[in-house]
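Okay, so here's the structure we're looking at.
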Amino acid sequence: MTRGMAHIESLFVTRLYRAPLSEFAPKIDAGEMENSCLVIAEDDEAGQDWSEKNGYPGYTSYASLTDLPWRFPIFADLVKVLDQHVAAFAEDLEFDLDGRALKLEDLWINILPEGGMHASHIHPHSVISGTTYVAMPDGASALKLEDPRSARMMASPARRADARRDLKPFIYMKPKVGDVLLWESWLRHEVPMNMAEDDRISVSFNYSWT
Ligand SMILES: [Fe+2]
């Protein structure tokens, strides 16, 4: 932006990637993916117990099923697609990967019922994290992303409600079913309360540099 003689530029940019999964092959059938998540959750008693004991509303396979792509062909296909999205994002980020690829580290299902939420967190030990959206009923919560510098803003005034998008302290993303979002793993994010009567279903994942 230029104002008179002044030149103002944006530095230290935070990139956020959004795309339909279908941009890359193979095709992931949305109905089959939703059904697979529900069937897996129903059969995964260890995961149900873990979710209950750890105060996770609904269900996550995070602690119980570490090998979804080996067990279920649709998840193997999903990883093939995600690998390509992550590679495209790494290209946009201009990472110098030194000949080593970003590789899937974890992939897990989240089923968030009405009233469920997932508190603010980052994904340590990873480079790229993301989520693909499997069921987003009307009223399902967005993903809330936080300015990574917020902890340093001791005396800053708040930003105006109509501030430019790239100046806002929080961004709410409301993806569609079949979309994938990617961000750098240090970016703090949360899922606010799900106000939909129906479950919000998503599959999240981490990629590391190996
Ligand atoms: Fe997360």
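General remarks:
- N35 meets the conditions (1) surrounded by fewer than 15 Cβ atoms within 10 Å (Cβ to Cβ); (2) among the polar types (S, T, N, Q); (3) modelled with pLDDT of 95 or more; (4) in contact with a Leu (Cβ under 9 Å, 6 or more places away or on another chain) in every case but one. The failed one is (4).
- Residue match in the stretch 54-62 (condition: aromatic (F, W, Y), more than 28 Å from P169 (Cβ to Cβ), out of contact with any Phe, Trp or Tyr (no Cβ under 6 Å at 6 or more places or on another chain) and assigned to a helix (DSSP H, G or I)): no
- Test for E190: is it farther than 21 Å from I8 by Cβ and under 10 Å from the mean Cα position of the chain (by Cα): yes
- Unmet requirement for G99, which otherwise passes all of (1) away from the ligand (no atom under 14 Å from the Cβ); (2) modelled with pLDDT under 95; (3) on the phi < 0 side of the Ramachandran plot: (3)
- Any hit, the stretch 59-67, residues being open to solvent by less than 10 Å² (accessible area, probe 1.4 Å) and either over 16 Å from L182 (Cα atoms) or more than 14 Å from the chain's Cα centre (by Cα) (or both): yes
- Residue match in the stretch 75-82 (condition: under 18 Å from W183 (Cα atoms), part of a loop (DSSP other than H, G, I, E, B) and under 18 Å from the mean Cα position of the chain (by Cα)): no
- Cβ pairs under 6 Å, 6+ apart, first in the stretch 90-116 and aromatic (F, W, Y), second in a loop (DSSP other than H, G, I, E, B): W108/S61; W108/Y62
- Among residues of the stretch 38-55 being open to solvent by less than 40 Å² (accessible area, probe 1.4 Å) and in contact (Cβ under 8 Å) with a residue 60 or more places away in the chain, the one that is nearest to P113 (Cα to Cα) is A41.
The values are calculated or read from the model by the stated rules, or taken from the named source; none is laboratory data. Note that the structure is a prediction, hence the values are computed from the model and not measured. Glycine gets a Cβ as well: all are built from the backbone with ideal geometry, and neighbour counts include every protein chain shown. Just the protein is used for accessible areas: all its heavy atoms, side chains included, with ligands, DNA and RNA removed. Shrake-Rupley method; radii C 1.70, N 1.55, O 1.52, S 1.80 Å.
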